[in-house]
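Just so it is clear, none of the values below were taken in a lab; they were calculated from the coordinates. As the structure is a prediction and not an experimental result, all values here were calculated from the model. Cβ: placed from backbone, ideal geometry, glycine included. Neighbour counts: every protein chain shown.
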2 protein chains.
Amino acid sequence: MKKKAEYKSALSINKGINQPPSINPDVLTKSVRKRRKKYSADEFVAGILSGNRTILSQAITMVESSLPAHCETAQLIVEKCLPYSAQSVRIGITGVPGAGKSTFIETFGLYITGEGRKLAVLTVDPSSENTKGSILGDKTRMELLSIHPQAFIRPSPSAGKLGGVARKTRETIILCEAAGFDTILIETVGVGQSETSVHTMVDFFLLLMLAGAGDELQGIKRGIMEMADLIAITKADGLNKLVAENASIAYQNALYLFPKKSSGWSPQVHTCSAITNTGIKELWGIIMEYIDFTKKSGYFETFRKEQSIIRMHNTIIEYLNNSFYDNRDVKSMVPDIERQLHEGSITSYKAAFKLLDKYFKRQL
Amino acid sequence: MKKKAEYKSALSINKGINQPPSINPDVLTKSVRKRRKKYSADEFVAGILSGNRTILSQAITMVESSLPAHCETAQLIVEKCLPYSAQSVRIGITGVPGAGKSTFIETFGLYITGEGRKLAVLTVDPSSENTKGSILGDKTRMELLSIHPQAFIRPSPSAGKLGGVARKTRETIILCEAAGFDTILIETVGVGQSETSVHTMVDFFLLLMLAGAGDELQGIKRGIMEMADLIAITKADGLNKLVAENASIAYQNALYLFPKKSSGWSPQVHTCSAITNTGIKELWGIIMEYIDFTKKSGYFETFRKEQSIIRMHNTIIEYLNNSFYDNRDVKSMVPDIERQLHEGSITSYKAAFKLLDKYFKRQL
């Protein structure tokens, strides 16, 4: 993590801006929607680098905005912040329904901040596209963490398709890191696709599971378990403790049967309780051990570089995909093609090329 | 499965061709490369529907060919065969290195033919692109099956990219089914991507594993185990029997922890030995049970329809992908962009859009 002094010298590179622009914080928080001051990209960057979280929040709002003017400024901000990012530990967290994710993050987050770290918690929830996010929900479900001076909680961006959310999340990470947050938790709801996308942004993937082999366990999507570097069996307290410990052994045995991870790390399983504050310290210890292990082997850096290439390719594929399926001619043809496929009167390849011909005739 | 009589009546639909064209098989097999008779698409189709395996082989060669003239005829043949296909059970088989796939398929295949079924064994091996296939290898490693009158073994197509292989495999399935094969085994080498692709073509996925938690197990790619409907622990004979049975229990326990399959089927684990011919009958019984189960629930048909839609979309995405990355301007720009990504001087999204701008400027 960069020291504040370094940020100051960093600021001086940015066209002589040594101080964050003077803002009356009251004005910003009380009537931010009505009279938001229009900052330049450089003013935003200076504010972010100085750790001003009001400006950080506003910058993230710019990143999340779909207005073209905002997009342009946002891109400038992100670009200028990029050299000051990448100094953090990025952790993805997901879990089965009922595993108590919020309670866990509250306790876990308070432990991490207690260790002197600065923590940003971001939430990726593609389902919130409909509900327009759950800002209040996010703040209230982590009562103590949300008011902690070393913590910054940002609910899910609520616009656009999943890819948009991914992009916004990634850019929000850059801004948070530039603002001095050295630990980033990215919480996802267990819908499958968002985890895969978050996996291209985090160093470590933590999966919260519940003891019990019943239907609770079926809430997790296929493929998620294989991404986990650590499985935490939550709610290991009271009468549930023994069950959780048995589940832990069962998962550990199951994981032995699975292919080795390219990091060379053997995924671990651990029990914990957010209520009794048990096992939390140990979980953090395992994460630190992983970071140490992968930094020594060089995998940490290699993986981050790979991730940036993967994100680029994912963005390209998604764009090509949207360009194709949003094409008016293609759209109008799809129902008929799918009907023919259903009838079995056409091969998938012929169907594909009928649509492709349509698309490229328009494009060329 | 359609009866021969039905094929005959089917043949009569095809412009009055009631008999396969008269061919001297000796001529075809002895000097096939020198003087291959040029059939029309209709002659090919008639030959295939009559179960003539020499013509079937030749038609598959047409499907695998990359010559434009062949492609056109091949597409016609496939299209005309399509209505006579889909009457089989399609099984994907893969396994860890050392699991004895060939020996297993030999024994398993002989059992299946012994049940009165007609079996086609297709191999998908993208690595054979370099070695130009292993025709001899495939024939010799299944000594008895390769000369069995009810079996048809076709080694991997050896040209083009994986997508090409997928397409050719899918079209080969159509031809084999039209020729009356009611059981299709598609063997893949465990390289990951081909299994995923084969998964869009088969009704059932069988994974061969070895007992022992050592490095042998690490040969299987991540994600493959989750595709399995049945895991067979091979080489359960002699001193290895007990170890295999223990492994079977361990895998069964592990599978309990995993998410339910959309088919509603609980993946099973079973031991077998191809050498002592143990457990082979039981494995086939499980497959039949699965087919019965999914046909009753309607999943069998639903899944096949879904697969055809997925294959169409996969083909489209792959084509768009190739069109993009094979673009000369994009190609020349990629190394520089990747260097900037490595340096961390550019975000993945900016990188993506630099390439996309380049591409679409050419296209528009």
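Odds and ends about this structure:
- Calculated on alpha-carbon atoms, Rg and Dmax of segment B:308-363 in Å: 13.3, 42
- Peptide-level mean, for A:330-341, of C-beta atoms on other protein chains within 10 Å: 1
- Value of D in µm² per second that Stokes-Einstein yields for segment B:79-127, Kirkwood Rh from Cα pairs, at 25 °C (0.890 mPa s): 189
- Spin-label pair A:Lys261/A:Leu144, simplified geometry with 7 Å Cα→Cβ offset, distance in nm: 2.8
- Ordering A:Met62, A:Met288 from the fewest to the most neighbouring beta carbons within 10 Å gives A:Met288, A:Met62.
- Order of B:Lys260, A:Lys235, B:Lys241, A:Lys361 - criterion: other Cβ atoms within 10 Å of each residue's Cβ, fewest first: A:Lys361, B:Lys260, B:Lys241, A:Lys235
- In this simple spin-label model, placing a label point 7 Å from the Cα along the Cα-to-Cβ direction at both A:Arg304 and B:Ile310 gives a separation of 3.6 nm.
- Too-long pairs where the Cα-Cα distance tops 24 Å, listed order kept, from B:Lys80/B:Lys118; B:Lys260/B:Lys295; B:Lys241/B:Lys281; A:Lys331/B:Lys305; A:Lys260/B:Lys168: A:Lys260/B:Lys168
- Taking a straight line from the alpha carbon of B:Lys38, these aspartates and glutamates sit under 18 Å away, with near neighbours fewer than eight places off in the same chain left out: B:Asp26, B:Glu64, B:Glu72.
- In order through segment B:195-205: 3J(HN,Hα) via Karplus (6.51 cos²θ - 1.76 cosθ + 1.60), integer Hz, x for Gly, Pro: 5, 4, 5, 5, 4, 7, 10, 10, 7, 9, 10
- Under 18 Å from a label point set 7 Å out along the Cα-to-Cβ vector of B:Ser332, the amide N atoms of segment B:344-358 belong to B:354-358.
- Here segment A:308-363 is treated with +1 on each Lys and Arg Cβ and -1 on each Asp and Glu Cβ, and its dipole about the Cα centre works out to around 160 debye.
- Using the Cβ-Cβ distance between A:Tyr325 and A:Glu72 with R0 = 30 Å, the FRET efficiency computed as 1/(1 + (r/R0)^6) comes to roughly 0.65.
- Positive-end residue, segment B:308-363 charge dipole about Cα centroid, Cβ charges, pick of B:Gly344, B:Val334, B:Tyr359: B:Tyr359
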